[in-house]
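Notes to accompany the following structure.
No value in this document is a laboratory result; all are computed from the given coordinates. Values in this document were obtained by computation on a predicted structure and should not be read as measured data. Positions of Cβ are backbone-derived with ideal geometry, glycine not excepted, and every protein chain shown enters the neighbour counts.
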Amino acid sequence: MSGQLGDWLGFLGRLAVGGALVAAGALKASAPYQEFAVVIDAYQIVSPAASLAIAAILPWAELVTGFCLLLGDFTRPAAAVAGGLVASFMASLLSAKMRHMELPDCGCFGAAFHPSLGHALAMDAALFILAYAAYARGERLWSWDRWAGGTAREQHG
C-alpha cells in the first residue's frame with residue numbers, strides 16, 4: 001500500500017476491525033461467560049476448563065483491542081493482536097469445517113448473530129486483511145498515535 005490510498009485503507013481497516021471486535025466483545029461480555037464456554041467447548045479443541053477460561057477472558061481482550069483500534073491508540077500492537085485473534089478464529093472454524101462438524105453457533109457475536117461456518121470464515125478472512133491494513137498504515141489518519149506522536153511513544157513505552 002502506498003500513499004494516500006494506503007492511509008485510507010489503513011484507517012478503514014482500523015475502524016472495521018475495531019468495530020467488529022467491540023461489537024463481538026460487548027455482545028459476549030453482556031451474557032454469562034458460561035454460555036460462551038459451551039460454544040467454545042463445541043469446537044472440541046480445548047478442555048472444558050480451558051473453554052471456561054477463554055470464555056471469561058476473550059470478550060474483554062476483544063473489547064480492549066477493538067477500542068485501541070477505533071481510537072488509533074497503540075495501533076500497530078492492537079492490529080497485530082487483532083490479526084492473531086482473527087487467525088485463531090479462522091483456525092477454529094477451519095478445524096470444525098474439516099471435521100464436518102455441525103455447530104449451532106460459531107460464537108462470533110455471542111447469541112446475536114449466527115453465520116454459517118463458510119460465512120464466518122469469509123468474514124474473518126476479510127477482517128484479517130483489514131487488520132493487516134490497520135497494522136501497515138492505520139495510525140496515519142485520525143489516530144491518537146499520530147496526535148500524540150505514537151511512533152516514538154510506542155518505541156519508548
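So the values come out like this:
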{"read-out": "Matching label, Rg/Rh (Cα atoms, Kirkwood Rh) computed from the structure shown, candidates (i) 1.02; (ii) 1.39; (iii) 1.04", "value": "(i)"}
{"read-out": "In Hz, Karplus ³J(HN,Hα) per residue of region 63-80 (6.51, -1.76, 1.60; θ = phi - 60°; x = Gly, Pro)", "value": "4, 4, 4, x, 5, 4, 5, 4, 7, x, 10, 6, 4, 5, x, 5, 5, 5"}
{"read-out": "Extension gain (nm, one decimal) between ALA112 and SER47, 0.36 nm per residue minus Cα-Cα", "value": "20.9 nm"}
{"read-out": "Selection from CYS106, GLN34, ALA61 lying farthest towards where the dipole of the chain points positive, charges on Cβ", "value": "ALA61"}
{"read-out": "Computed [θ] at 222 nm, helices only, for the chain once each DSSP H run of length n ≥ 4 contributes -39500 (n - 2.57)", "value": "-25000 deg cm²/dmol"}
{"read-out": "Order of VAL86, VAL17, VAL39 - criterion: other Cβ atoms within 10 Å of each residue's Cβ, fewest first", "value": "VAL39, VAL86, VAL17"}
{"read-out": "Which of GLU139, GLU102, GLU35 has the fewest Cβ neighbours within 10 Å, and the rest in rising order", "value": "GLU102, GLU35, GLU139"}
{"read-out": "Additional length obtainable on full extension of the chain from ALA91 to VAL38, 0.36 nm per residue less Cα span", "value": "17.3 nm"}
{"read-out": "Given charges at beta-carbon only (K, R positive; D, E negative), |dipole| of the chain in Debye", "value": "320"}
{"read-out": "Inter-label distance, nm, simple model (7 Å from Cα along the C-beta direction), ILE57/LEU71", "value": "2.3"}
{"read-out": "Label-point gap, in nm, between VAL64 and TRP8 - each point 7 angstrom along Cα→Cβ", "value": "3.5"}
{"read-out": "Listed residues LEU5, TYR132, ALA79: farthest to the positive end of the dipole of region 3-156 (Cβ charges)", "value": "LEU5"}
